[in-house]
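Everything below concerns the one structure shown next.
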Amino acid sequence: MIASSQKHWSGDVAELLRVEEGFVLADIDTGSTPGYKKNKGHAADDLKSGATELSEYQERLYARSRVDATNAAVLLVLQAMDSAGKGGIIRHVVGSVDPQGVMLSAFKKPTDEELEHDFLWRVKRRLPASGMIGVFDRSHYEDVLIGRVRRLAPENEIERRYAAINDFERQLTDSGTRVVKVMLHISPDEQKRRLMRRLERPDKHWKYNPTDVDERALWPLYMAAYQTVFERTSTDHAPWHVVPADHKWYARLAVQNLLLEALEEIDPQWPAATFDIEAEKRRLAAT
C-alpha cells in the first residue's frame, strides 16, 4: 500500500522496508532510499501532503473513539543509535497532527521504582488509549539491546524477554492497537558527522552526550543485538521495519508513510450525528 497523498514511491513502503525471514542488517545500505523515485526536493512536497492526510486520519481516529468501543489506536516504536533522527521524526512527522491526540513516551534509564517490577511494567503504563497515536522514543527493546550489550541482565533473562515481548505485542494487536516498529539505521560515519556538528554549534551542545563516543566503540555489538532482535521479534502481527536514515528527508517520509498505512488499515470514519441535524439547525437559527 502507498499513502494516497504520496505519488513518488515505486512500491509498498511497508513491504520494501519490512524485516522478513533471512534479513541481514549488515546488507542494508544506510544511504539508500528504497522505493522512492525522486529526490529531497520532491520529498519536501510529499511530506507536506502526507502531513495533511495524517492530520485528518488522526482526527478521525480520535473522533471515532469518542463513540466507538473498538479500542483502535496506533503505537509507533522508534529505535536507533544516537543521532539517527528520532527527534526529527517526532517533530516533523508526528508533530504535524493535533498534540491532544498523541501520547509521547521517552524511556530513559529505569528508576528505582521501575526496577522493582518486570521490565514491561513501565511500558504498559504508557500505552496509547483508544483513538490515540502513541510514540515510544526508545522502548521495551532497550531491555534486550543495551541490556545485552552492557550485560545489565543475565543471559537467561534476556532470552525470556524476547518471548515476553512477542506475547505483549500480540495482546496489543489483538486488542486493536496497530504496532509500527521502526529502526532508523545510520552508518557510524554518518553518526560521527552528526555528533561533530553538535560539538561545532553552541545551540546543539545540549544534545551532545560524552557517553555517545563510548557507545560508538560498541557499534558491532549493538548491530549484533539488533540482528537478534529482528530474528526473534519481527512477527506477522508486529513486524519490524528498517529505515535507511543517512538521509533525514527519506527517513521522515518513510516513517510518515508507515503511519499512514497503519491508519488506512484502521480506516476510521467520522462518527454519525446522534441528533436531528435539521432540527438543530432550526433551533440554532431561532436563537
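Observations on the model:
- Scanning segment 194-220 for residues that are surrounded by 13 or more Cβ atoms within 10 Å (Cβ to Cβ), touching a Leu at 6+ places or on another chain (Cβ under 8 Å) and of a type in the set (A, V, I, L, M) yields no hits at all.
- Positions within segment 103-139 being open to solvent by 20 Å² or more (accessible area, probe 1.4 Å) and among the β-branched types (Val, Ile, Thr), in sequence order: THR111
- Just so you know, in segment 152-162 the residues that are under 23 Å from ALA26 (Cα atoms) and without any contact (Cβ under 8 Å) to a residue 24 or more places away in the chain include one that is least open to solvent (accessible area, probe 1.4 Å), and it is ILE158.
- Of all the residues in segment 204-228, those that are among the aromatic types (Phe, Trp, Tyr) and either free of Cβ contacts under 8 Å to residues at least 40 places away in the same chain or in contact with a strand residue (DSSP E or B) (Cβ under 9 Å, 6 or more places away or on another chain) (or both) number 3.
- As for segment 148-161, it holds no residue that is among the hydrophobic types (A, V, I, L, M, F, W, C) and closer than 21 Å to PRO239 by Cβ.
- Residue list for segment 21-30, restricted to those being touching a residue at least 40 places away in the same chain (Cβ under 8 Å) and either open to solvent by 30 Å² or more (accessible area, probe 1.4 Å) or in contact with a helix residue (DSSP H, G or I) (Cβ under 6 Å, 6 or more places away or on another chain) (or both): PHE23, VAL24, LEU25, ALA26, ILE28, ASP29
- Unique match (being in contact with a strand residue (DSSP E or B) (Cβ under 8 Å, 6 or more places away or on another chain), crowded, with 19+ Cβ neighbours inside 10 Å and either within 26 Å of ILE28 (Cα to Cα) or touching a residue at least 12 places away in the same chain (Cβ under 8 Å) (or both)) among ILE186, ILE165: ILE186
- The residues of segment 36-51 that are free of Cβ contacts under 8 Å to residues at least 40 places away in the same chain and more than 19 Å from the chain's Cα centre (by Cα), listed by number, are LYS37, LYS38, ASN39, GLY41, HIS42, ASP45.
- Against the test of being modelled with pLDDT of 95 or more and open to solvent by 70 Å² or more (accessible area, probe 1.4 Å), the options GLN191, GLN171 yield a single qualifying residue, GLN171.
- Restricting attention to segment 84-101, the residues that are closer than 17 Å to GLY131 by Cα, out of contact with any helix residue (DSSP H, G or I) (no Cβ under 6 Å at 6 or more places or on another chain) and surrounded by 12 or more Cβ atoms within 10 Å (Cβ to Cβ) add up to 2.
- Subset tally (residues that are out of contact with any Pro (no Cβ under 9 Å at 6 or more places or on another chain) and touching a residue at least 12 places away in the same chain (Cβ under 8 Å)) for segment 88-103: 11
The values are calculated or read from the model by the stated rules, or taken from the named source; none is laboratory data. Predicted, not measured: the structure shown is a model, and the values here were computed from it. Using ideal geometry, Cβ is built from the backbone for each residue, glycine included, and neighbour counts are taken over all protein chains shown. Accessible surface areas use protein heavy atoms only, side chains included; no ligands, DNA or RNA. Shrake-Rupley method; radii C 1.70, N 1.55, O 1.52, S 1.80 Å.
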